[in-house]
Every structure is written in structure tokens, then in C-alpha cells.
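Undergrad: Dumping the structure here so I can ask a few things about it.
No lab work stands behind these numbers, since they all come straight from the coordinates. Bear in mind the structure is a predicted one, so any value in this text is a computation, not a measurement. No Cβ is skipped: glycine too gets one built from the backbone with ideal geometry, and neighbour counts run over all protein chains shown.
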Amino acid sequence: MSASASRIDARQTVADQNVACSHCGLPTNHYGTPISRDRQDAPPLSFCCSGCRQAYELIHDWGLDDFYALRDQSKWDSDGVSAGGARYSDFDDDEFLGCSKPQQMSDGRLSTSLSISGIHCAACAWLIENAAARIPGWTIARVKMSDRTLQVIYSPEKIQLSEIASVVGRLGYRLAPLTSDHEQRFALESRQLLMQIAVAGFLAANAMWIAIALYAGDASGVEAQHRTFLRWAGTFLGVGSVLIPGRIFFVSAWAAIKYRTPHMDLPVALGLSVGTVVGVFNAIMGSGHVYFDSLAMLVFLLLIGRWIQFRQQHRAAQALDLMMRITPQHATRIDEDGSERRVPVDSLRTGERIRVHAGESVPADGNVIAGESLLNTSLLTGESRPVHVRVGDEVTAGTVNLTAPVTLSVSATGAASRIGQVMASVENAASKRIPIVQMADRIGGVFVVAVTILAIGTFLFWMPRGIDLAVSNATSLLIVACPCALALATPLAIAVSIGRAATRKILIRDGSVFQRLSKRGVIWFDKTGTLTEGQPHATLVYGDNEVFGTAAALERHCCHPIADAIVRAADSLRLEIAHDATNIEIGVGGISGQWCGQQILVGNREFLARNRVRLSDSVQLAGDTCSRQQSTPIYIAQDGVVTGVLSINDPIKSDAKHSIERLHRAGWKLGILSGDHPDVVHSVAKQLGIREARGGLSPEQKLARMTDDPGQTVVMIGDGANDAAALAAAGVGIAVRGGAEASMRAAPVFIATGQLESVADLVDASRRTTRLIHATFAVSLTYNLVAVVLALTGHISPLLAAILMPISSVSVLTLTLLWPTFKTQS
């Protein structure tokens, strides 16, 4: 017996049956009885199996005990430690968490997002999310495979974030506060995986050389002691490959067993375990196949497949980096000496000075400290007119500087900026488990259990023909079956489609819209600003120009496009409004208030009628003339007498007719719901070929129409502010005006360009995304069906199974990334 073995007393056991294995860290009470040292001054040693004990003895005999010290320093053991050496208790420190500091929700729960490493497929996300459901107080866990983050929602009175980090650590994954260095995180995780592959490759290569020597010896003859030495040397290499680089499979498998959640690493770990146990048994008995070459090569090939899948997922993550597409990645920083330097936006700190030149996008939120300019803020606010900013004004990332350089003091960057918070709601849609994704998850869970049962049946079926054949076929089945692709296909297709939509300034915060828009139904359009330009022009048809000033005194307090047209007309006439209006009340179809001692009403005919204002024959004639000319009449009354009539004309958008034709061809029913005059609404509908049109509707009447078509998809397209109720109640709400912030609170879709062509593109992309989901399902199911049958009948070896296993996931990833969800990829 070796020197180290003499120090291990097999007769003494450790009282604490939950102690971790001294070699691999797995719980000892699952695999066997702990073993302790007989030295009183040394801490006890515990091993989960004979393989770990033999590995420990080999490392000690070779004088490599520092391996365990280095392992502990590197935090291989997750007990009390997370990524980067951080203690779990650090996760209760707001300063440590930085931008991952939990935010309180309206119901008292806390929400935060953290970086997570160690996940490699949808099954990992599935494991974490299902495990969370078993932890009291941890209400929601949502993994985003695209950028490897974990959203956590929990009740602080029941559980602390440090406890959640500890649970995730025991599952085999590592949490860290969010940082903006996504590429650095990817590079670090990629290097770690490549190091595991290198170790596995070294062990596999040496194991294969020993196997060649043994096979040659079988043919030409070899002495018994040499054969025994080679068998044991190869066994140690094979077991080492399983326990060191192959450890990640067992960590995930143990977590799946502990939390009773099926995981794709469970059958892989079971296959490796069967091969290891039978191989070691045959080595001890001196007969039969020891499998060491197959085990080492199996781990090597499995890790290569995992790395390929990891690289493909990184490509998908890059397609989903929405902030990169909305805001610039570099800024001009002004150093203390006054020099300017181009730096990454991620490196900016609060209080630093940056210069934004004319024509550039603003890279960060900040305050103007020098200069003045005009900014295009339409993406965030929906305001089409340039906004004048000067010293002291706040500006936001994503806006565009139009005229002159300005110097800003940075207040927020990235996810902390206003546009970053809007983008966060879009990116969260990629990780939500919509119904079709939940169905895929359930299928994946049943699949793992079914494969495990089939593998046991395969082993028993082939057992009478020899244990070697039974082990080979059962292991092949466990390895080749890949439920990961099944669970990965749907969420990845949704995520990639959301990312591609964002590149076209179609912002989506709910991935289920693709599923809903793939089914034909009815689409309702608002008129003003949706089908028309939303920049109406006001002209006088009754009264004198002074009525523009009267109306503008009230309308300047309203954000409606018609109000904007009246104010612009008054400004163009250079009318001075000496006094501000008071007692402003905005009602349905108009606005009222006090101005210069008079009661002023500005609105449509129905608004004046509700306020008991009668129209003279000449006023009615002027209004009817406007309606016949497809314009909207707006009446101005002073102390109950109509003194002016304005004609409001809003031209139809240039892309409206073609977009409407595309939606008609796609099989959708189309209609208009508008608060504008019915004659004007019907005129627009006739020009666009829309059969159903309803005008003069209140917001409540629009809202009622959203529930009038049960059993089919109801889509509302309108203004994120004025049509908020109808957009929220519709099956799919699409805002084309109103700015990103307001619109995305009311509707799951916001089209920043305001173009109707984008609506038709989105509907078409939804059908394509649904077809992609069906195609990936078909690819995955076909692969697994064929692979399982071949493994059951003994036509696939374990090594071939390891080569085939990643093909399913990689093919799904490749198909998703290449699938043309939009007709022309950007």
C-alpha cells in the first residue's frame, strides 16, 4: 500500500455525513461512507467513492499536495465563495453589488439582475428556474442565455440574496454583480472551457497511446506484469479525465437529482459513471474491457461540443445586444488637462466630462455644462421637433445632437441610463417563458426521464450478450440523446427575432407577440399620426387670424397633434399671446379654459354641443365644407359664441397604402377607430381600401372594441399616449407614436420610425419566426428519434455518440441564426 494509503484508516468514519469529498467536493453521503485520517493533528479526509480516494493517493504519492491548496485558492469548491473569489455574504452589500443593487417592487419584493457563469444550454436555465421554485422566498428566477444573466425576484423577509447566491453555487454555477464588460466575461469563460478541453485532450491522448500498446500486445503478446501496469495506468488516466475535466457533468447531474429537476447532464453523467465503475471493476479483476480510452476520449469530445455550442450562443448574444445598436460605443472624454480622448462608453464614470459634436449621438445621460444646441429626442419622447438645450439642461443617451458641440457632465451610462432602462424591458422579453417555450421545457423534462429509463432497459436487454456490449450500447444512448436542442430552439428563435427587430427600431417587450401575430385576426388603426403623418396643418375658414392666438393660448397646454398644428400656425403668424390661460380642462374632443376674462372653448362639433354652444348657419356651412374636403373642422367659441372655424388637414403617410395592401394579402381584417370626424375617417379609409371605419369615438369606445372579437387576434395600432388604454387591452398593442418610454408602458411593441411598413414587416416576421420554431422542433425531434433508435440497436459507439450529441444543438443554433425572420437582414 502507498504511503498515503497507510495514513487513511478505513475503519474510522466521520460523524458528519454531509461532509464534502476531499478530492472532488461532492457530498459523501450520496456515494459512500466517509473515511478519515488516523493522525489526530490532521483534518479528516472524506471520499465519495474509491475512485476519488485512489486519485487522492496518486496525487499525494506524486508529491502534488499543493494541487488542493491551489484549488482552494482558485475557489473550485463553491462553499461560501462565488465567482471571482467573492464571499456569498458580499451579495448582501449594496456597494459590492453596484448596478446589481436590488430594486424594491410595488409589492415589497426585491428584484435584481446578476451575471451568471457556468451555464451552457437551455437545460441549465431550466434547472436554475425550477430549483428556485423549491426555495421559500425566491419567487422568480429567469435566466437570459443571450447575455448570461440571471434575474432574481425574492422576498427579503424570507431569504437574502447571499442565500440565493449560495444555492446557485451548489447547483454548480457562479454569480457576480453585473458589469458592462460582456466581451471580457465571454473571453474568461471561453479560456476556462478551453483549459478543460486541453486537460481532457492531454489525458485522452495518453490514454489512447496506452490503449494502442495494449491492443498491439494482444496481437503480438505481452508479459502479464506489463499488461497489468498498462491497464492500471490507463485506468488512472481515464478516471482522472472523468473526475477533473469531466467533473462539470457530475456537478450538474447531482444538482438535478437534489432538486428533482431533469437536466441533460444527468444521462451524460450516468453514462460516464457506468463506464467508470465497470472499467475499474474489470481493472481490479484483471479481465474484461477497462474503458479508459473511451472514457477519456468521451469527455474530450463532449467538452469540444460544449465549446462549439458556447461559441454559437455568443454569436446569438451579440445579435441581441440592443444597447450597442441604439447608443454609440465610444465617447469623447475631456481629461483634467483639457485634452480630448476617445474612450469606450463603458469606462465613463459619473461626473466625468464628455463632448458631443454636432451630428453625433449622445453616449450617456448627463447635464449640459457648456454650449447650447438642438437635440433630436424623438426616440425617447416622440417629440418630432428639435429640443433646444442649454447649460443646466438634462440630456439622455440615444438622442442626437443636431447643430453645435455641447459639453456634458455624465450622470448615468449603459443600463442605468433612461434608454438603458427602456432597452432592459425589451431584452427581458427574450428570457420570458411564453406558452410555447413552457411546452418545450415540459417536453425536454419528460425526454430526459424517458432516455434514462430507456438506457436502463437497453442495458438489461443487451446484458445476456455480454456486459461490455450492454455498457457500450447503454452509454451510447445516454450520450447521444440531446434534449437540450429541444428546449433551446424556441427561446433562441424568439430572442434572435427580438434582436433583429430592434435593429429596425421595432422594440418588443413581450416575446409572445410573435406567436399571436402569426395567427390572422383583426387590426384596428388609429388615424391621426398612425395612418396619417401626424403633423396636421391648420388653416382658417371662418373668422379672422386673431382666433389662432385665442386657440393657441389653450392648446399650448395640450400635447395632441391638432393642438400642435394650431400652436405652429399662431407662431407662423407672429401672434403675441400676452396672457396665459387658466382653469384649463382637457375633455373628449376639445379643451376649455379662461383667457383674458373670457370662457374659451376649442374643439369639435360634439364638444361644443356638450357645452351648450349653438352653431349659426354660416358656421355650420364652414364646418360642412371642411368635412367635404376631407379635413377636420375645429371650432373656437368665446363666451358661448363661435368666432372662428379652423380646417385641420393631415396627409396620409406615403407607405400607408402599400402596407395596407400587404396586410390584406396576409389575410388580416382591417379597420379604423378614430376620435376624428366620421366624414374625415371614412375618407381616409376609402383612399386606403379599408372597409370598416368608425369616427368620433371616445377612448372608452375604442377600449370596448378590443373585446368585441373573441377567439381571434385583435391588434391595435396607435399613439402610445392617447391610445394607451386600447393598446394595453388589445391582444397585441403596437405604438407608432408617443416616444419609447410612454409607449412601452402601454404596448408590448413600439415602432420608433412610425412607419406602417414596419408593421407589415413585423407581421411577416412573426409568421417566419413561428415557422422557424416548427423547423427547429422538427430537426431536434428527428435527430433524437434516429439517434435513439440507432443506439438502442447497437449501431452507435460511445465515441460516435459524443461526436453526434452536439450536432443537434449546433444545427438548431445555426439554423436559427441563418433563418431570414425578416426579408432583408441588417
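Undergrad: Work out how much length HIS537 to ASP393 would gain on full extension: take 0.36 nm times their residue separation and subtract the Cα-Cα distance, in nm to one decimal. Please list the in-between numbers first.
TA: Numbers: separation 144, 0.36 × 144 = 51.84 nm, distance 3.05 nm.
Residue separation times 0.36 nm, minus the Cα-Cα distance, leaves 48.8 nm.
Undergrad: Between ARG771 and ASP92, 0.36 nm times their residue separation minus their Cα-Cα distance comes to what? Show your work: numbers first, answer last.
TA: Numbers: separation 679, 0.36 × 679 = 244.44 nm, distance 4.49 nm.
Stretched out fully, the ARG771 to ASP92 stretch lengthens by 239.9 nm.
Undergrad: Tell me, in nm to one decimal, what length is gained between ASP468 and SER572 on full extension, where the rule is 0.36 nm per residue of separation less the Cα-Cα distance?
TA: Working: separation 104, 0.36 × 104 = 37.44 nm, distance 9.18 nm.
The ASP468-SER572 span can extend by a further 28.3 nm.
Undergrad: I need the phi-derived Karplus couplings for region 726-733: 6.51 cos²θ - 1.76 cosθ + 1.60, θ = phi - 60°, integer Hz, Gly and Pro marked x.
TA: Whole-Hz 3J(HN,Hα) from phi for region 726-733: 5, 4, 6, 7, 5, x, 9, x.
Undergrad: With θ set to phi - 60°, apply the Karplus curve 6.51 cos²θ - 1.76 cosθ + 1.60 along region 583-596 and write out the HN-Hα couplings as whole Hz, x wherever there is a Gly or Pro.
TA: 6, 5, 9, 9, x, 6, x, x, 9, 9, x, 9, 8, 6
Undergrad: What nm distance separates the two modelled labels at LYS258 and LEU402, each placed 7 Å from Cα along Cα→Cβ?
TA: Calculated label separation equals 5.9 nm.
Undergrad: Rounded to the nearest 0.05, what FRET efficiency is calculated for LEU818 and VAL786 with R0 set to 22 Å and r the Cβ-Cβ distance? Could you put the intermediate results ahead of the total?
TA: On the way: r = 22 Å, r/R0 = 1.02.
Efficiency, rounded to the nearest 0.05: 0.45.
Undergrad: Here is the link list: LYS505/LYS653; LYS101/LYS144; LYS527/LYS669; LYS144/LYS669; LYS657/LYS823; LYS519/LYS657. Which ones come out longer than 28 Å on Cα distance? Mind showing how you got there, number by number?
TA: Working: LYS505/LYS653 18 Å; LYS101/LYS144 18 Å; LYS527/LYS669 16 Å; LYS144/LYS669 36 Å; LYS657/LYS823 20 Å; LYS519/LYS657 22 Å.
Beyond 28 Å between Cα atoms: LYS144/LYS669.
Undergrad: Additional query: Pop the C-beta distance of SER190 and GLU661 into the FRET formula with R0 = 41 Å and round what comes out to the nearest 0.05.
TA: On the way: r = 48 Å, r/R0 = 1.18.
It comes out at approximately 0.25.
Undergrad: Still on this structure, I have one more. Under the rule of at least 5 residues apart or a separate chain, name every residue whose amide H is placed under 5 Å from the amide H of THR149.
TA: ILE116, LYS144
Undergrad: In addition: From the backbone phi of region 658-672, what are the Karplus-calculated ³J(HN,Hα) couplings (6.51 cos²θ - 1.76 cosθ + 1.60, θ = phi - 60°) in whole Hz, Gly and Pro given as x?
TA: Listing the rounded values in order: 5, 5, 4, 4, 4, 5, 4, 5, 7, x, 8, 7, 10, x, 10 Hz.
Undergrad: Report the equivalent ellipsoid semi-axes for region 592-683 in whole Å, largest first, defined as the square roots of five times the eigenvalues of the gyration tensor built from alpha carbon atoms.
TA: Values: eigenvalues 233, 35, 26 Å².
Its equivalent ellipsoid spans semi-axes of 34, 13, 11 Å.
Undergrad: At what distance in nm do the modelled label points of GLU700 and GLU157 sit from each other, each positioned 7 Å from its Cα along Cα→Cβ?
TA: Output for this residue pair reads 3.9 nm.
Undergrad: Any chance you could check the Cα centroid distance between region 199-214 and region 343-361 for me, in angstrom?
TA: Measuring centre to centre over Cα atoms gives 54 Å.
Undergrad: How do 237-250, 331-344, 159-172 rank on mean C-beta neighbours within 10 Å, highest first?
TA: Details: 237-250: 24.9, 331-344: 12.9, 159-172: 21.5.
Listed from highest to lowest mean packing, they are 237-250, 159-172, 331-344.
Undergrad: For LEU178, enumerate residues with amide H under 5 Å from its amide H, sequence gap 5+ or separate chain, H modeled in the peptide plane.
TA: SER100, SER115
Undergrad: Once amide H atoms are placed 1.01 Å from N in the peptide plane, what residues at a sequence separation of 5 or more from GLY587, or on another chain, have their amide H within under 5 Å of its amide H?
TA: Residues meeting the criterion, in which the H sits 1.01 Å from N, are SER592.
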